[in-house]
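Here the structure is laid out as structure tokens; the discussion comes afterwards.
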2 protein chains.
Amino acid sequence: MAKAQTTTNVVSFAQSSTACKKCSLHVMCGGEGAQGRSVFSQKSCGHNGRVIDRGEYLFRQGDRMQALYVIRSGTVKATISASDGTEQVIRFYLSGDVVGLDALGEQRHVSSAQALETTSFCRFALAEIDEGCARAPSAVRQFMRIAGEELAHEEQHAMLISQRDAEQRMAMFLLQLSEQYGRRGYSDREFNLHMSRQDVASFLSLAVETVSRIFTQFHVNGLLKVERRHIRLLSLEKLREVVGVPAGALPAGKSQHYAQGLN
Amino acid sequence: MAKAQTTTNVVSFAQSSTACKKCSLHVMCGGEGAQGRSVFSQKSCGHNGRVIDRGEYLFRQGDRMQALYVIRSGTVKATISASDGTEQVIRFYLSGDVVGLDALGEQRHVSSAQALETTSFCRFALAEIDEGCARAPSAVRQFMRIAGEELAHEEQHAMLISQRDAEQRMAMFLLQLSEQYGRRGYSDREFNLHMSRQDVASFLSLAVETVSRIFTQFHVNGLLKVERRHIRLLSLEKLREVVGVPAGALPAGKSQHYAQGLN
DNA sequence: CGGTTTTTTGAATATATTCAAATTGAGTGG
DNA sequence: CCACTCAATTTGAATATATTCAAAAAACCG
């Protein structure tokens, strides 16, 4: 189950230079110049690339932190298990996501990260990151940015999860996935779930049965077609209605916030 | 409601040098030396100190980020409001906590931060932080640490919230507060809630009525004495039992994690 | 193809919510 | 200082929603 495969190369790392330019840890990768980012665009970052099979772990809860990871392709789920044994999925990572940030605090991973399918990723050793930050001030900034995004993401997820009912959570989950796939150039209407119903249930804090029921309910109501792991969204609009958000949700806050007193 | 008070000084900033040494953004404060931390111990960091009254905001959701804040004394609640108007408390900050990290991503605050009582804090302008990071490599590391802790905290909270029932959440909430107060030198058995029942309910994703009911339930069962906002915990042990965690919970992960394949 | 796991479906139950109303407390102005 | 209003909290009863238990069906694995 946990044997490294050396033969199969799911992703060609050679062709990755364009993808690398969009990588959020790109600045950590190579080059010694502080300013010109264009320096990096010539380099392939593939030297960091690795692949793991489904079921294998990037790291486990409690492990001493050694690196950060950026997903190139595949899907990873992050889980936290409490001392009483209960385990919960707290996040799914797709390509482009940075994994492992939560360990920056105590230098130990608070969650486990497991591949749900064959997954390729880049590994950034802590030392590399330190170097990168020391070399380029922009790296520090970039790093802060990533951490902030992750934090904001987490807060918003917590908010969404706990305030909505089962239907809304499911709709939200699907819309989120749709958006993520869309942003990465895949179809936002049709995709495969790489996670089990159990995983989805855990992520949304629902019972497996409930997840199953709502899938069929959505299917019956014509919101989507579901066949095993294959999902085809028939109406993003209706899904959005289910979530209960009339206009734009998270994407852009067009609210009219007033000025604060002192700060 | 939002007038700055110039007369009252709740906290003497002069006496704060010892507290400052423990501040997690201490390294950002003054001094130009890169290494010797002892340099800073002489300085009072009070020059950053500010005070706001109950009800005032540190910042509001959507505001452009200008600074990070460290609470010196008082209580702050962070809320997120969705586009449909629903608002949720996502966190309470006490003295020593760093507020505003979630804005590091998009440079805009994802949540609002409002004082629940007269609150004093230090303000670290973004520029200061950049400087600090540029000056001292340790500052970068420290910063990463804070961000990581915050992230881990958020993940664990999400985990706890969503997997437990109302009683467990309440017990958890009280134990958490108890621990936080204890860590800060206050009594961990007796304290005042600076947040309303509504705030607690929102934070735990429960109805106000449920919070109220469980308070009285705990009271009747002898777990605590509650009178309005004043809480006196009579049995931390029983509260822990309610949460359902036999041994140690979050504090230290004594689990036997195995080595990962490659990483 | 047989054994095992995952997923789906059904029915009963439980838990927290909602609605409604009473009570308490805080703040204000006379 | 007291009466008053308004907001927060508590309590009760009915309801609703998701869970649990149980079992069948479908998919997966070797």
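The values are calculated or read from the model by the stated rules, or taken from the named source; none is laboratory data. In this text, all values refer to a predicted model and were calculated from it rather than measured experimentally. Neighbour counts are summed over all protein chains in view; Cβ atoms, including those assigned to glycine, are modelled from backbone coordinates with ideal geometry. To get the accessible areas, we keep the full protein, side chains included, count just its heavy atoms, and leave off ligands, DNA and RNA. Shrake-Rupley method; radii C 1.70, N 1.55, O 1.52, S 1.80 Å.
Listed by first and then second residue, the pairs linking a residue in segment B:204-220 that is away from chain A (no Cβ under 13 Å) to a residue that is near DNA strand D (Cβ under 8 Å from one of its atoms) and not in a loop (DSSP other than H, G, I, E, B), with Cβ atoms under 7 Å apart and 6 or more places separating them unless they lie on different chains, are B:VAL208/B:ARG197; B:VAL208/B:GLN198; B:VAL211/B:ARG197; B:SER212/B:ARG197; B:PHE215/B:VAL226; B:HIS219/B:VAL226. For segment A:103-122, a residue qualifies if it is at the interface with chain B (Cβ under 8 Å from one of its Cβ atoms), in contact with a strand residue (DSSP E or B) (Cβ under 7 Å, 6 or more places away or on another chain) and hydrophobic (A, V, I, L, M, F, W, C), and exactly one does: A:VAL110. Filtered by the rule that a residue be among the small types (Gly, Ala, Ser) and either within 16 Å of DNA strand C (Cβ to nearest atom) or within 11 Å of another protein chain (Cβ to nearest Cβ) (or both), segment B:171-199 gives B:ALA171, B:SER196.
For segment A:163-200, a residue qualifies if it is within 14 Å of DNA strand D (Cβ to nearest atom) and aromatic (Phe, Trp, Tyr), and exactly one does: A:PHE173. Number of residues in segment B:88-103 that are among the aliphatic types (A, V, I, L, M) and surrounded by fewer than 22 Cβ atoms within 10 Å (Cβ to Cβ) equals 2. Residue by residue through segment B:72-87, note down the ones that are crowded, with 22+ Cβ neighbours inside 10 Å and part of a strand (DSSP E or B). Correct list: B:ARG72, B:VAL76, B:ALA78, B:ILE80. Among the residues of segment B:200-227, those identified as more than 16 Å from B:ARG189 (Cα to Cα), of a type outside the set (Gly, Ala, Ser) and within 11 Å of DNA strand C (Cβ to nearest atom) are B:LEU204, B:LEU206, B:VAL208, B:GLU209, B:THR210, B:VAL211, B:ARG213, B:ILE214, B:GLN217. Summed over segment B:174-196, the residues that are surrounded by 16 or more Cβ atoms within 10 Å (Cβ to Cβ) and outside any loop (DSSP other than H, G, I, E, B) give a count of 7.
For the criterion of being modelled with pLDDT of 95 or more, among the hydroxyl-bearing types (Ser, Thr, Tyr) and within 16 Å of DNA strand D (Cβ to nearest atom), B:SER205 fails. Selection of segment B:145-170 for residues being away from DNA strand C (no atom under 16 Å from the Cβ) and surrounded by fewer than 22 Cβ atoms within 10 Å (Cβ to Cβ) yields B:ARG145, B:ILE146, B:GLU149, B:HIS153, B:GLN156, B:HIS157. Looking only at residues in segment B:144-163 that are more than 7 Å from chain A (Cβ to nearest Cβ) and at pLDDT 90 or above, the one that is nearest to B:SER24 (Cα to Cα) is B:ILE146. So is B:TYR93 free of Cβ contacts under 8 Å to residues at least 40 places away in the same chain and either within 15 Å of A:GLU155 (Cα to Cα) or facing chain A (nearest Cβ under 9 Å) (or both) or not? It is true that B:TYR93 is free of Cβ contacts under 8 Å to residues at least 40 places away in the same chain and either within 15 Å of A:GLU155 (Cα to Cα) or facing chain A (nearest Cβ under 9 Å) (or both). Within segment B:47-65, one or more residues are modelled with pLDDT under 80 and open to solvent by 30 Å² or more (accessible area, probe 1.4 Å).
For segment A:228-247, the set of residues classified as surrounded by fewer than 15 Cβ atoms within 10 Å (Cβ to Cβ) and within 11 Å of DNA strand C (Cβ to nearest atom) consists of A:ARG228, A:ARG229, A:HIS230, listed by residue number.
Within segment A:29-40, is even one residue touching a Ser or Thr at 6+ places or on another chain (Cβ under 7 Å) and at pLDDT below 95? Within segment A:29-40, not a single residue is touching a Ser or Thr at 6+ places or on another chain (Cβ under 7 Å) and at pLDDT below 95.
Condition first: within 11 Å of chain A (Cβ to nearest Cβ), open to solvent by 30 Å² or more (accessible area, probe 1.4 Å) and part of a loop (DSSP other than H, G, I, E, B). Can you find one or more residues in segment B:123-139 that meet it? So far as segment B:123-139 goes, no, none of its residues is within 11 Å of chain A (Cβ to nearest Cβ), open to solvent by 30 Å² or more (accessible area, probe 1.4 Å) and part of a loop (DSSP other than H, G, I, E, B).
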